[in-house]
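The values are calculated or read from the model by the stated rules, or taken from the named source; none is laboratory data. Because the structure is predicted, anything quoted here is derived from the model rather than measured. Cβ placement follows ideal geometry from the backbone for every residue including glycine, while neighbour counts extend to all protein chains displayed. When the accessible area is computed, the model is the full protein with side chains, heavy atoms only, and any ligands, DNA or RNA have been set aside. Shrake-Rupley method; radii C 1.70, N 1.55, O 1.52, S 1.80 Å.
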Amino acid sequence: MANFTGKTVLVTGATRGIGLAIAEEFAKAGANLAICASHETGLLQTAQKLASYDVRVYTQVVNISHADDCESFVANALKEFGQVDVLVNNAGITKDNLTVRMSEEDFDTVINVNLKGTFLMSKAALKVMFKKRNGSIVNISSVVGEMGNPGQANYVASKAGVIGLTKTFAKEFGSRNVRVNAVTPGFVQTAMTDQLSEEVKTRALEAVPLKRFAQTQDIAKAVLFLASDDAAYITGHILAVNGGLYI
Ligand SMILES: NC(=O)c1ccc[n+]([C@@H]2O[C@H](COP(=O)([O-])OP(=O)(O)OC[C@H]3O[C@@H](n4cnc5c(N)ncnc54)[C@H](O)[C@@H]3O)[C@@H](O)[C@H]2O)c1
């Protein structure tokens, strides 16, 4: 397992689901963590859980679609730990509807959080990494950003956009030794998928060669690999963690 002892890792949307699993895997690997979420709920609890791995934890309520929030989160993490080594852009939302019923507001909201938020947080962190000539960013996109999905025009556009950002950042910052990669999860067992009916779950699994939903740890381990020195010559890569759903 990669060792992140003494490193500082920033994870957005770390209070639950995939973000929580990512933060926990980094804590197990020895990283100090700066975590943020859109609401106070869960942040303290998450911080206590992570601190039980004997690492330092900084928390902040942040709206990643606001530039000032992103700048202050990165600045505070830098003040707290003296360095920023890894950023994981995990926070994301859905507001699903068929295109003809999707409001302009719901389109904008999802793009502002998932795509613009990834841009703004990356921009804030890249300024620090660029100067230090060292750093790694991992973006959480989605399999639907690669294959499209009815009822999710806003979400799919945002996640496809994240793939574009990943490749562009990789080209812009490679010469400064900053690597930027993305993970595209398929179905993941989270509170959201737990609510699906057995019939819907069975139908979804028919399309997955590995015949199970991902555990959040499956996604987290791929993120740790890309963030680690084991992936030192990997940048601009989109790593599918989808059980074979889209090949
Ligand atoms: N769950 C899945 O099956 C699945 C599949 C593919 C991709 N993904 C992606 O993985 C990521 C995590 O998904 P999840 O299901 O664990 O999410 P979740 O809804 O369980 O948690 C989302 C987290 O993001 C935070 N967040 C939301 N809006 C924010 C904002 N504006 N500013 C700061 N923080 C904000 C929330 O506070 C929360 O901590 C998302 O980017 C999602 O699109 C999820």
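Two decimals is fine: what's Rg over Rh for the stretch 85-161, C-alpha atoms, Kirkwood radius as Rh? Spell out each step's value before the answer.
On the way: Rg = 14.2 Å, Rh = 13.2 Å.
On the Cα set of the stretch 85-161, Rg over Rh gives 1.08.
Hey, could you pull the Cα Rg and Dmax for the stretch 1-155, both in Å?
Values for the stretch 1-155 (Cα only, Rg and Dmax): 15.9, 51 Å.
Please give the Cα centre distance for the stretch 179-247 versus the stretch 91-155, rounded to the nearest Å.
Comparing the Cα centres of the stretch 179-247 and the stretch 91-155, I get a distance of 17 Å.
What does the net charge come to around Thr15 if you take all other residues with beta carbon closer than 12 Å to its beta carbon, with K and R at +1 and D and E at -1?
Net of charged neighbours comes to 0.
What are the ³J(HN,Hα) couplings of the stretch 221-232, residue after residue, when phi is run through the Karplus curve with 6.51, -1.76, 1.60 and θ = phi - 60°? Round to Hz, x for glycine and proline.
Once rounded to whole Hz, the list reads 5, 5, 5, 4, 4, 4, 6, 8, 5, 4, 10, 4.
What angle, in degrees between 0 and 90 and rounded to the nearest 10, separates the Cα long axis of helix 17-28 from the longest principal axis of the Cα atoms of the chain?
So the helix axis and the longest Cα principal axis differ by about 30 degrees.
Tell me the mean residue ellipticity at 222 nm calculated for the chain from its helices only (DSSP H runs of n ≥ 4, each -39500 (n - 2.57), averaged over every residue, nearest 500).
Here the helix-only value at 222 nm equals -13500 deg cm²/dmol.
In nm, what is the difference between 0.36 nm times the number of residues separating Ala204 and Ala75 and their Cα-Cα distance?
42.2 nm
Pop out the ³J(HN,Hα) list for the stretch 109-119 in order, Karplus 6.51 cos²θ - 1.76 cosθ + 1.60 with θ = phi - 60°, rounded to Hz; leave Gly and Pro as x.
4, 5, 5, 5, 7, 6, 9, 5, x, 5, 4
In percent, what relative contact order does the stretch 8-238 have, based on Cα pairs under 8 Å that are 6 or more apart in sequence? Show your work: numbers first, answer last.
Values: 425 pairs, mean separation 46.1, N = 231.
Relative contact order comes out at 20 percent.
Tabulate in residue order the Karplus-calculated ³J(HN,Hα) for the stretch 147-152, using 6.51 cos²θ - 1.76 cosθ + 1.60 with θ = phi - 60°, rounded to whole Hz; enter x for Gly and Pro.
Ordered by residue, 3J(HN,Hα) equals 10, x, 7, x, x, 9 Hz.
Take the Cα pairs of the stretch 132-204, get the Kirkwood Rh, then feed it into Stokes-Einstein at 25 °C and 0.890 mPa s and tell me D in µm²/s.
Reported coefficient: 175 µm²/s.
Tally Lys/Arg at +1 and Asp/Glu at -1 over every other residue whose Cβ is under 13 Å from the Cβ of Ser122; what's the total? Display every interim value, and only then the final one.
Working: positive: Lys116, Lys123, Lys127, Lys167, Arg179; negative: Glu71, Glu172.
Residues near Ser122 contribute +3 overall.
Only loop residues by DSSP count here, and only those with at most 13 other Cβ atoms within 10 Å; note down the trypsin sites (Lys or Arg not before Pro) in the stretch 109-145 that meet that.
Loop-located and lightly packed - Arg133.
Any idea what angle helix 67-81 forms with the longest principal axis of the chain, computed on alpha-carbon atoms, 0 to 90 degrees, nearest 10?
The helix 67-81 is inclined about 50 degrees to the chain.
Residues of the stretch 100-247: accessible area per residue at 1.4 Å, in Å²?
51
Computing the accessible area with a 1.4 Å probe over protein heavy atoms, can you report the carbon and sulfur percentage for the stretch 8-238?
51
What are the semi-axes of the equivalent ellipsoid for the stretch 1-52, taken as the square roots of 5 times the Cα gyration tensor eigenvalues, largest first, in whole Å?
Listed largest to smallest, the semi-axes of the stretch 1-52 are 18, 10, 9 Å.
Which residues' amide hydrogens lie under 5 Å from the amide hydrogen of Gly135, considering only partners 5 or more residues apart or on another chain, with H built in the peptide plane?
Arg179
With +1 on each Lys and Arg Cβ and -1 on each Asp and Glu Cβ, how big is the dipole of the chain about its Cα centre, in debye rounded to the nearest 20?
Computed about the Cα centre, the dipole is about 740 debye.
So how compact is the stretch 177-247: Cα radius of gyration and Dmax in angstrom?
Considering the stretch 177-247 through its Cα atoms, Rg and Dmax are 14.2, 48 Å.
Could you calculate the FRET efficiency of Arg133 with Gln215 from 1/(1 + (r/R0)^6), where r is the beta carbon distance between them and R0 is 45 Å, rounded to 0.05?
After rounding to 0.05, the efficiency reads 0.80.
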